[in-house]
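Visitor: The structure's right below; bear with me while I get my questions together.
The values are calculated or read from the model by the stated rules, or taken from the named source; none is laboratory data. Predicted model only: the values in this text are computed from it and were never measured. FYI the Cβ positions are ideal-geometry reconstructions off the backbone, even for glycines, and counts take in every protein chain you see.
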């Protein structure tokens, strides 16, 4: 039965009063210069949210710690490696990030034993160790010991992936994932297909072979999902992550690449403090949350207010003032300040630190080169009560 609307509806005074109070509070807050990073008189910082949430928007007071480590995960090395990371934080990480390409032999007929399969094995090893995987699906450019072009051409463009040139590799990936979750126990993982797809340099060159093509990226992203569904992977058995870079040149803002709300479970973005690392020349500068996270969180909130935000890749150098500097104090302070700030942001679900030393060709991001140098800063940042050990079951209850 349907009803015509009342031509003279009664005013909802409670609702109007509530809305007026909210408007007044907004005016007061927005008029303050310290909205996002206020200062207490004692000198300690009081961090406030970038945005004020509306009814129905995603928010959480519980956040996870995650970390990438240069490790091929097996049941033998999860505990010794992740326990070091947990000791550094002073609490257990919930998520372990890693990378695998469409060209990995895991997605061919060359690895038929799941116990040694590069995809299945790492998912299972981390799960058995008590960690959820955050898997970035990349693309290789040439043959190596573990990467071949059996089921996907090297350096595939988004167009090639979208039209099916890598379907066999994706099908094998989906089969393995289905077999893995089929073991039960609520197994689930974050899967981020083709991350940093909006990475385009100022001269127009692409960061990745699949980058720079928003229209075909959306189709490629959707193709991953379609193939996984064909293999029987249900929506509640996987978390699909849209994982662009935060910064971009004009025309390649991540909003242009966003697939659509119904096929994204979480939005992650990459943002690093390069400082004065040589590769950042001529844009070298020491950055903090005001430029690294704040603007991108606000834009993601405007684009998809009901989606969790994950800092999918982040890190800092110790080069605060000049190339080659090893300013451990500045790096410790950065870790504390930025993690503490991220802990206050209601849209942020988790933070993934990139613990790699790439100084041979880029920058040194490591916090775990030993167990003590960066423990003061990392542990102080992780000490925020919002950072908690979240199980897969916890995450299921938080992620919409």
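Visitor: Checking residue 287 against (1) crowded, with 23+ Cβ neighbours inside 10 Å; (2) free of Cβ contacts under 8 Å to residues at least 60 places away in the same chain; (3) out of contact with any helix residue (DSSP H, G or I) (no Cβ under 7 Å at 6 or more places or on another chain); (4) within 30 Å of residue 61 (Cα to Cα), which single condition isn't satisfied?
Guide: Among (1) crowded, with 23+ Cβ neighbours inside 10 Å; (2) free of Cβ contacts under 8 Å to residues at least 60 places away in the same chain; (3) out of contact with any helix residue (DSSP H, G or I) (no Cβ under 7 Å at 6 or more places or on another chain); (4) within 30 Å of residue 61 (Cα to Cα), the lone unmet condition for residue 287 is (1).
Visitor: Residue by residue through region 149-174, note down the ones that are surrounded by fewer than 19 Cβ atoms within 10 Å (Cβ to Cβ) and on the phi < 0 side of the Ramachandran plot. Steps first, answer last, please.
Guide: Initial filter on region 149-174 (surrounded by fewer than 19 Cβ atoms within 10 Å (Cβ to Cβ)): 149-150, 153-155, 159-160, 163-165, 167-168, 171.
149, 150, 153, 154, 159, 160, 163, 165, 167, 168, 171 - these are the residues of region 149-174 that are surrounded by fewer than 19 Cβ atoms within 10 Å (Cβ to Cβ) and on the phi < 0 side of the Ramachandran plot.
Visitor: Related question: What number of residues in region 232-275 are touching a strand residue (DSSP E or B) at 6+ places or on another chain (Cβ under 7 Å), surrounded by fewer than 17 Cβ atoms within 10 Å (Cβ to Cβ) and at pLDDT 95 or above?
Guide: 1
Visitor: A further question on this structure: Among 389, 314, 337, which is touching a residue at least 24 places away in the same chain (Cβ under 8 Å), in contact with a strand residue (DSSP E or B) (Cβ under 9 Å, 6 or more places away or on another chain) and part of a strand (DSSP E or B)? Don't jump to the end; show me each part of the working.
Guide: On the way: 389 fails: part of a strand (DSSP E or B); 337 fails: part of a strand (DSSP E or B).
Answer to the check: 314.
Visitor: Take the residues in region 173-188 that are out of contact with any helix residue (DSSP H, G or I) (no Cβ under 6 Å at 6 or more places or on another chain) and in a loop (DSSP other than H, G, I, E, B), then tell me which one is farthest from residue 109 (Cα to Cα).
Guide: The first filter runs over region 173-188 and keeps only residues out of contact with any helix residue (DSSP H, G or I) (no Cβ under 6 Å at 6 or more places or on another chain), leaving 175, 177-179, 182-185.
Filter again for in a loop (DSSP other than H, G, I, E, B), leaving 182-185.
Numbers: 182: 21, 183: 22, 184: 25, 185: 28 Å.
Ranking the candidates gives 185 first.
Visitor: While we're on this one: Can you say whether residue 268 is within 23 Å of residue 166 (Cβ to Cβ), in a strand (DSSP E or B) and under 21 Å from the mean Cα position of the chain (by Cα), as far as the supplied structure shows?
Guide: So residue 268 fits the description; yes.
Visitor: Also: Please state which of the following conditions residue 80 fails to meet, knowing it meets all the rest: (1) without any contact (Cβ under 8 Å) to a residue 24 or more places away in the chain; (2) touching a strand residue (DSSP E or B) at 6+ places or on another chain (Cβ under 9 Å).
Guide: (2)
Visitor: Hey, among 330, 298, 360, 302, which residue is assigned to a loop (DSSP other than H, G, I, E, B) and either at pLDDT below 95 or out of contact with any strand residue (DSSP E or B) (no Cβ under 6 Å at 6 or more places or on another chain) (or both)? Don't jump to the end; show me each part of the working.
Guide: Details: 330 fails: assigned to a loop (DSSP other than H, G, I, E, B); 298 fails: assigned to a loop (DSSP other than H, G, I, E, B); 302 fails: assigned to a loop (DSSP other than H, G, I, E, B).
Unique residue meeting the criteria: 360.
Visitor: Sort through 95, 71 and tell me the only one that's crowded, with 20+ Cβ neighbours inside 10 Å and modelled with pLDDT of 95 or more.
Guide: Details: 71 fails: crowded, with 20+ Cβ neighbours inside 10 Å.
Selected residue: 95, the only one of 95, 71 that is crowded, with 20+ Cβ neighbours inside 10 Å and modelled with pLDDT of 95 or more.
Visitor: Can you name the number of the only condition in (1) in contact with a strand residue (DSSP E or B) (Cβ under 6 Å, 6 or more places away or on another chain); (2) over 17 Å from residue 309 (Cβ atoms); (3) crowded, with 18+ Cβ neighbours inside 10 Å that residue 353 fails?
Guide: Tallying (1) in contact with a strand residue (DSSP E or B) (Cβ under 6 Å, 6 or more places away or on another chain); (2) over 17 Å from residue 309 (Cβ atoms); (3) crowded, with 18+ Cβ neighbours inside 10 Å, residue 353 fails exactly one: (2).
Visitor: Let me ask you something else. Which residues, taken from region 363-386, are surrounded by 15 or more Cβ atoms within 10 Å (Cβ to Cβ) and either at pLDDT below 95 or part of a loop (DSSP other than H, G, I, E, B) (or both)?
Guide: Quick first cut of region 363-386, residues surrounded by 15 or more Cβ atoms within 10 Å (Cβ to Cβ) only: 363-368, 373-384, 386.
Residues satisfying the conditions are 363, 365, 366, 367, 368, 373, 374, 383, 384, 386.
Visitor: Restricting attention to region 340-357, and to residues there that are in a strand (DSSP E or B) and over 17 Å from residue 390 (Cβ atoms), which single residue is farthest from the chain's Cα centre (by Cα)?
Guide: Step one: of region 340-357, the residues in a strand (DSSP E or B) are 348-354, 357.
Then keep just the ones that are over 17 Å from residue 390 (Cβ atoms); that gives 354, 357.
Details: 354: 11, 357: 19 Å.
Here the answer is 357.
Visitor: So how many residues does region 192-212 have that are in contact with a helix residue (DSSP H, G or I) (Cβ under 8 Å, 6 or more places away or on another chain) and either surrounded by fewer than 19 Cβ atoms within 10 Å (Cβ to Cβ) or not in a loop (DSSP other than H, G, I, E, B) (or both)?
Guide: The total comes to 1.
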